[in-house]
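Asks: The structure that follows is given in the form of structure tokens.
The values are calculated or read from the model by the stated rules, or taken from the named source; none is laboratory data. This is a predicted model, so every value here is computed, not measured. Here the Cβ positions follow ideal geometry from the backbone for every residue, glycine too, while neighbour counts run over all protein chains shown.
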Amino acid sequence: MNDIINQPLPKAYRAITEETHRLGFTMPSDAQTCALLRTLATSKPAGRFLELGTGSGLSTAWILDGMDSKSTLISFDHDDALLAVAQKYLGHDERLSLVRSDGADWVYANKGQLFDFIFADTWHGKYLLLDDVLTMLQPGGLYIVDDMLPQPNWPEGHQEKALVFIEYLEGRDDLWIVKQHWATGIIIGVKR
Ligand SMILES: C[S@@+](CC[C@H](N)C(=O)[O-])C[C@H]1O[C@@H](n2cnc3c(N)ncnc32)[C@H](O)[C@@H]1O
């Protein structure tokens, strides 16, 4: 047993990775996290998927790879340059809606929506507006966050924020969570 991903990578993964490096984007999801996202995505046939924080579309590519043809994914980000990369390589996929929006604006405008799979990879749905986003999770739905182990790019005081966030998730009676001390530190929650 080891951590090597001995399975095919999503088609666009290498090209998106190269453009991401060229842009100097320092917060892309790592490959192990992405492989987990793809595996879990496959457990939700005809699912409604939400990604908060598209970046350049790295995790988006893996989630799409795991989804079946009847599933749909909404992914938003506020950064035009990053979204342009995702659009270039993934925009042809009719299951995907790429949205340019501030996180708070998107969450407030979409409060009634329900999802089977939420990957919260920006401030909103993790450190901001968490209750609003967890309300969007269907019973049986998956809530996934990464970067829960200390990261080199964490600003001063972020460790404390992360601990408060973890304790809050542990205390919710509508979620079962698993904390994985693996990759960048993953938490998987399932709505009860
Ligand atoms: C950790 S990165 C996402 C990485 C991406 N999932 C990937 O696989 O590469 C966080 C993203 O949140 C976006 N972001 C930060 N603040 C935001 C805000 N207020 N509204 C929307 N997006 C925001 C950033 O532009 C960045 O792309």
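Asks: Taking G53 as the residue in question, decide whether it is under 16 Å from G189 (Cα atoms), buried (at least 17 other Cβ atoms within 10 Å of the Cβ) and under 15 Å from the mean Cα position of the chain (by Cα).
Replies: No; evaluated as a whole, the condition is false for this residue.
Asks: On the basis of being at pLDDT 95 or above and surrounded by 13 or more Cβ atoms within 10 Å (Cβ to Cβ), does Q87 make the cut?
Replies: yes
Asks: Looking at (1) closer than 23 Å to P152 by Cα; (2) at pLDDT 95 or above, which is the only condition T26 fails?
Replies: Looking at each condition in turn, T26 falls short on (2).
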